[in-house]
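The block underneath contains the structure these notes are about, expressed in structure tokens.
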Amino acid sequence: MIHPVGSEIQTVEGVTIIRPREEFSSLFENLLDDAGITVQFINSAGSTKFVIDLQNVKFIGSAFLGRCILLQKTLQAREGGRLALCGMNTFTKAAMSLAALDKIIAVFESSDEALRAVT
């Protein structure tokens with residue numbers, strides 16, 4: 001498995017949790033790969049269920065939104081594939097809502113809620 005340098009990676013009950021570190025508080029395009037928010041990481045992790053915990057993230061840009069769509073499509077193509085986001089602040093929630101991504105990607109307040117939903 002690829003080990004992203006910019007995120008804590010944890011597996012709980014078969015769900016891989018990607019939690020960008022505090023120094024990745026602004027998820028610009030040039031940081032997404034180091035944070036592990038990539039199809040390559042998804043493919044190498046050996047899991048079909050993922051949670052991206054944004055508790056340390058204060059800003060997301062359009063590249064993050066586009067990457068989420070790509071990850072969602074990649075996982076939907078797999079049997080049992082699921083993606084959920086959690087731990088979002090007011091800004092990140094608003095960005096997801098404006099892009100209407102909260103209609104196609106499950107969004108939860110906490111990682112516990114997201115884990116329960118995807119398992």
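Computed from the coordinates by the stated procedures, all read-outs in this text should not be read as laboratory data. This one's a predicted model, so the numbers in the text were calculated from it and none came from an experiment.
The Cα atoms of the chain cover 31, 29, 24 Å along the three principal axes, with the biggest extent listed first. Within the straight-line cut-off of under 16 Å between alpha carbons, the lysines reachable from Lys93 are Lys58, Lys103, sequence neighbours fewer than 8 places apart in one chain being disregarded. For a straight C-alpha distance cut-off of 17 angstrom, the aspartates and glutamates reachable from Lys49 (same-chain residues fewer than eight places away being disregarded) are Glu8, Glu13, Glu79, Asp112, Glu113. Sequence-distant contacts, meaning Cα pairs under 8 Å at least 6 residues apart, place the relative contact order of the chain at 26 percent. Adding -39500 (n - 2.57) for every DSSP H run of four residues or longer, then dividing by how many residues the chain holds, sets the calculated 222 nm ellipticity at -9500 deg cm²/dmol. Kirkwood radius for region 35-97, taken over all pairs of different Cα atoms as the inverse mean of 1/r, rounds to 12.2 Å.
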